[in-house]
Structures are given as structure tokens and as C-alpha cells.
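Here the structure is laid out as C-alpha cells; the discussion comes afterwards.
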Amino acid sequence: MTDSRNERTLLSALLVCAVVLLIHGFIRGSNTLMALQVIQPFFVVSLSIGLLVLFRFRLERLAEIEKRDRELERHERSDSVLFEPSDETAAMTLDRSRSQFERFVVPLVAPALALLQGLWAWVLFRRLGKPMDPPSDSMAVAAFLCAESFIFFLFSRYLIGLSRRIENRWMRGPGVFLGLNSLVCLFAAISSVLCSTGFGAADRMAGILLIALLALLAVESLLNTVAELYKPASRRRSTVSYESRFARVLTDPALWARNLAQTMDYQFGFNVSDTWIYRFLSKALVPLLIFQLLTLYGLSCVVFLDPGEEGILEH
């Protein structure tokens with residue numbers, strides 16, 4: 001895998017995440033929305049995992065280039081050489097550096113994430129008890145959060161799509177967490193809209209739920225660390241213990257479909273997922289859900305007045 005397209009794609013996503021994180025720092029200075037503070041740890045975690053995967057891809061690519069160059073040099077070397085260089089003389093190769101990084105550094109990411117997420121959730125939870133000023137410009141913040149959610153959604157779907165190929169398997173971690181960023185931004189935007197309509201408790205409720213999600217991810221990272229210790233040594237060569245299966249369930253609908261298909265195949269005793277009706281329903285499910293959501297939203301915009309009632313049209 002000597003192609004650097006994965007690195008360029010990840011770098012683009014990380015730059016967007018870093019820019020959003022900087023903008024959030026400025027917005028937080030002029031707004032007291034709790035949701036703005038709570039979603040910041042998710043951005044930091046995504047940025048950290050993206051940097052880790054970017055470094056893994058780069059080390060693997062450079063190690064393969066080095067290995068290819070050494071093979072070429074070995075074939076082109078003159079037969080008059082008296083002594084063949086042994087592998088021990090190449091102890092400081094990039095391939096050795098990569099193996100050491102995979103063995104000692106990558107497994108430490110999951111416990112580091114558990115500690116970071118747990119401490120951040122605790123600090124944010126303690127801030128909930130402090131009095132805060134009423135939030136301002138909630139609609140402007142909601143518009144900004146919706147734009148963020150859309151951008152993160154595009155990057156997430158692209159990275160998750162790339163990760164379905166075995167050589168791009170590490171893309172799944174950043175893709176899943178960017179998808180989680182999209183969801184939390186959308187959730188925070190909804191709470192901001194509710195705050196602008198006079199439902200001030202929505203921001204606090206959103207903060208509590210997002211803090212609980214952050215704590216849940218910390219517990220999952222800790223459990224992944226424990227599970228990694230009991231893995232056979234042969235399966236630790238390409239660990240992805242820093243990935244979150246819970247976040248993947250939330251952000252990757254294809255995982256739901258695969259789990260449902262496997263359950264149905266097991267229960268019925270034959271491949272239900274290969275039948276035409278299942279394929280039709282799997283393709284029509286998402287458009288049907290979107291149509292239902294749009295219909296519900298359209299019905300909420302219509303008000304029926306009985307005889308003798310009056311209504312007020314607000315702009």
C-alpha cells in the first residue's frame with residue numbers, strides 16, 4: 001500500500017475537525033450554551049484517533065517502500081560481494097519502527113481515551129450544578145451546528161465506505177467518530193432551537209445526555225483495554241481497541257442491516273437476506289423513514305381551527 005491517498009483524505013478530515021474546534025473556542029467565549037461545551041470532547045477524541053490512524057498509514061506506507069527498495073537493491077547487487085548484510089544489521093529499519101509502534105504505542109490509545117473521556121465527563125458533570133447565564137443567539141449557533149453536522153456526515157460516510165476494503169480497514173475508526181460528531185452536533189442544534197423557543201431546560205437536558213454518552217464511551221474504552229489484554233499475541237499485530245462498537249452502531253446503518261440479516265438467517269434456517277423481498281425492503285427502508293419524517297414535520301406545520309377559535313401567526 002504505497003499510495004498516499006488515505007493519508008491525504010484523513011489529513012483533509014483532520015484539518016476540518018481542527019478548524020471546527022478552533023471556531024468552537026471563539027463561540028464558547030460569547031455563548032453559555034451547555035451543548036457547546038459538551039460536544040468539544042467528541043471533537044478532541046476524533047482528532048486524536050485520526051492523527052493516530054494517519055501515523056499508522058504513513059508508517060506502513062514508508063515501511064513498504066523501504067522493503068521494496070531493499071529487495072530491489074538485493075537483486076541488483078553484484079555477485080562479487082563477499083559478505084551479505086544480515087537482518088541484524090538492519091535493526092533500525094522503518095519496518096521495525098512500525099512493528100514497535102504497533103506493539104507498544106497503539107494498545108495504549110484505548111486506556112488513554114478512557115482516562116480522557118472519563119475525566120472530561122466528570123468535569124462537565126460538576127459544571128452542571130453551577131448557575132449559568134441564559135444562552136444568547138441560539139438560532140445562529142443552531143445554524144452553525146447544522147452545517148458542522150452535514151460536513152462531518154459527508155466525511156464519515158466517505159471514510160466508512162473506504163474502510164470496507166481490507167487495505168483501508170483503519171479508516172473505520174475516524175469515520176465512526178466523525179459520524180458521532182455529526183450526531184452530537186445535530187442533537188445540540190435541536191436543543192439550541194428549543195432554547196430559542198423558550199424551552200430553556202432543553203440545553204441542560206442535552207448536556208446531561210451528551211455527558212452520559214461521553215461517560216459510556218469511556219467505560220467502553222476501558223472494557224476494550226481489558227479485552228485486548230486477553231487476546232492471543234497473533235491478533236495484537238493490528239489492534240483497533242480504540243474503536244467504539246457502540247458509536248459504530250449509532251453511525252453505521254449497514255451494521256444494523258448485517259446483524260438483522262444474520263439473525264433472520266439463523267432463525268429461519270436459510271438465507272432470508274438473499275430473497276428479493278428482503279433486498280427490496282432494505283433499499284426502501286431509508287427513503288420510507290425520510291418520507292415519514294418529512295410527513296410528520298409537514299403535519300406539525302398545519303393547525304386546524306374549530307369554529308369560534310382564533311389563531312396568531314408568528315414570524
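The values are calculated or read from the model by the stated rules, or taken from the named source; none is laboratory data. Treat the numbers as computed from the prediction; the structure is a model and nothing was measured. In this analysis, Cβ positions are derived from the backbone assuming ideal geometry, glycine residues included, and neighbour counts consider all displayed protein chains. Each accessible area value is taken on the protein alone, full model and side chains, heavy atoms only, with ligands, DNA and RNA left out. Shrake-Rupley method; radii C 1.70, N 1.55, O 1.52, S 1.80 Å.
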The extension gain from PHE125 to ARG204, computed as 0.36 nm times the residue separation minus the Cα-Cα distance, is 27.4 nm
For segment 160-214, the per residue accessible area (1.4 Å probe, Å²) is 40 Å²
Zone reached by a paramagnetic label modelled 7 Å from TYR158 Cα along Cα→Cβ, restricted to segment 42-66 with backbone N below 13 Å, covers none
With a 1.4 angstrom probe the carbon and sulfur portion of accessible area for segment 173-233, in percent, totals 80 percent
Given 183-196, 206-219, the highest-first ranking by average Cβ count within 10 Å works out to 183-196, 206-219
With N residues in segment 137-189, Rg(alpha-carbon) / (2.2 N^0.38 Å) equals 1.29
For the pair ARG28 and LYS231, the simple spin-label estimate (label points 7 Å beyond Cα toward Cβ) gives in nm 3.2 nm
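What ranking, highest mean first, results for peptides 171-179, 19-27, 243-251, 48-56 when packing means the other Cβ atoms within 10 Å averaged over each residue?
Answer by packing, highest mean first, reads 171-179, 48-56, 243-251, 19-27.
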Rounded to the nearest 10 Å², the accessible area of ARG70 using a 1.4 Å probe with every protein chain kept is 80 Å²
